[in-house]
Amino acid sequence: MSETRGVYLLGPEHAEGLRTLFREPDVAAAAGSLPDDVADYIATAAKAREEGRSYIFVLTDRTEVLGICRLIGVRGVPRVIVAVGQAYRGVGNGSFLVGHVLEFAFENLKLERVTATGACLHVVSHFGLRWNGVGLTRREWHEARAK
């Protein structure tokens, strides 16, 4: 594993990396509805973050964007959606990214429950957790981390 990986809130400095990553259809789908301009996507994400509605995180290695994770529905039913570029899968990048986002959801936002679909269901199993159909609770997250 690279010690240069980091998880950051999406910002303008990630625009070029997103353009490259979004060429992969499954990553673009996980990112949600994409405008023609990545700058617009980043601006829309910043507004949603300021309003406390959703948060988009990127996994980087130095300046390269490896993956994206969205925490959406924060005011209703919070859900995590993740996608990692094909070349960066299978080496723990998804777990690294989702772990940081869940930490943010439960510790910073104090959410009580987070749901997921798709790739997140598999990634969370790496923490020794199972999604139970109603999501992952903060208590379950803390218990798994204490082991």
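The values are calculated or read from the model by the stated rules, or taken from the named source; none is laboratory data. Keep in mind that what you see is a predicted model, and the values were worked out from it rather than measured. We place every Cβ from the backbone using ideal geometry, glycine too, and count neighbours over all the protein chains shown. Ligands, DNA and RNA are stripped out before the accessible areas are found, and what is left, the full protein with its side chains, is counted by its heavy atoms. Shrake-Rupley method; radii C 1.70, N 1.55, O 1.52, S 1.80 Å.
Each Lys or Arg adds one and each Asp or Glu takes one away; over the other residues whose Cβ falls under 13 Å from the Cβ of Val74, this sums to +4.
At a probe radius of 1.4 angstrom, the accessible area of the chain per residue rounds to 53 square angstrom. Counting only alpha carbon atoms, the long axis of helix 93-103 and the longest principal axis of the chain meet at about 60°.
Summary value for the range 34-107: 21 percent relative contact order, contacts being C-alpha pairs under 8 angstrom separated by 6+ residues. Treating each Cα of the chain as an identical point scatterer and ignoring solvent, apply the Debye formula and state log10 I(q)/I(0) at q = 0.19, 0.22 Å⁻¹. Normalising to I(0) and taking log10 leaves -1.16, -1.52.
Using a/c under 1.5 as the rounded threshold, could you call the range 1-62 rounded, prolate or oblate? The axes a ≥ b ≥ c are square roots of the C-alpha gyration tensor eigenvalues, and prolate needs a/b larger than b/c, oblate otherwise. Because a/c hits 1.5 or more and a/b fails to exceed b/c, the range 1-62 counts as oblate. I'd like the orientation of helix 38-50 relative to the chain: the angle between its Cα long axis and the longest Cα principal axis, in ° from 0 to 90, rounded to 10. That helix lies at roughly 40 degrees to the long axis. Sequence-distant contacts, meaning Cα pairs under 8 Å at least 6 residues apart, place the relative contact order of the chain at 19 percent. Within the range 66-89, find all residues whose amide N lies under 17 Å from a label point positioned 7 Å from the Cα of Ala144 along Cα-to-beta-carbon. Flagged as within label range: 69-72, 78-83.
Ligands, DNA and RNA left out, the 1.4 Å accessible surface of the chain is 52% carbon and sulfur atoms.
For the range 28-96, report the convex hull volume of the alpha-carbon atoms normalised per residue, in Å³, without decimals.
So the per-residue hull volume is 104 Å³.
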